[in-house]
1. If residue 55 satisfies all but one of (1) modelled with pLDDT under 80; (2) surrounded by 10 or more Cβ atoms within 10 Å (Cβ to Cβ), what's the number of the condition it fails?
2. Given the options 69, 43, 3, name the one that is of a type in the set (Gly, Ala, Ser), without any contact (Cβ under 8 Å) to a residue 12 or more places away in the chain and either open to solvent by 60 Å² or more (accessible area, probe 1.4 Å) or touching a Ser or Thr at 6+ places or on another chain (Cβ under 9 Å) (or both).
3. Restricting to region 89-121, give me the number of residues that are open to solvent by 80 Å² or more (accessible area, probe 1.4 Å) and either modelled with pLDDT under 90 or in contact with a helix residue (DSSP H, G or I) (Cβ under 8 Å, 6 or more places away or on another chain) (or both).
Amino acid sequence: TEAERKADALSDAKLATCTAALQATFVGRVFDAWLESSKANIARRLVSALATRRFVTTVTKRALRGWKARWEQKKASREKLVVAMDHYDLKRLTFTALEAWVVFLVRRRLKRLNAARAEALYEKRALGARFADWITYFDSRRK
């Protein structure tokens, strides 16, 4: 009867309150789970983006270090080439000057030798003939 109906109504009210509380708790748990999942996804994206940025930075730095080392090596090679070319030019100039000096000495010796030969030939032929003519001339005047 009446008491049972009141007890059932009270029981229904308690059940409705419990159901509402459970539903609110369930909704809250679902929201909390979604919120935690969202936070985890955001954190995962941030970590991934940070890792990607760090990777790109590292690769870029490595490539730049390689190019810088290559540039420095070429610069050192160019400097060595300049030093080697200066050394070669100096040696070549020295050799050329020495070679020119030797050529000059050889030509001077040949010139002196040819002059001595010409003088000897002149003395042998021309002077001999003129001396003989001179002697003949004096001999003809004495007679």
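1. (1)
2. The conditions single out 3.
3. 2
The values are calculated or read from the model by the stated rules, or taken from the named source; none is laboratory data. Keep in mind that this is a model prediction, so the values were computed, not measured. Every residue, glycine among them, receives a Cβ derived from its backbone with ideal geometry; neighbour counts consider all protein chains shown. With ligands, DNA and RNA removed, areas are computed over all heavy atoms of the protein, side chains included. Shrake-Rupley method; radii C 1.70, N 1.55, O 1.52, S 1.80 Å.
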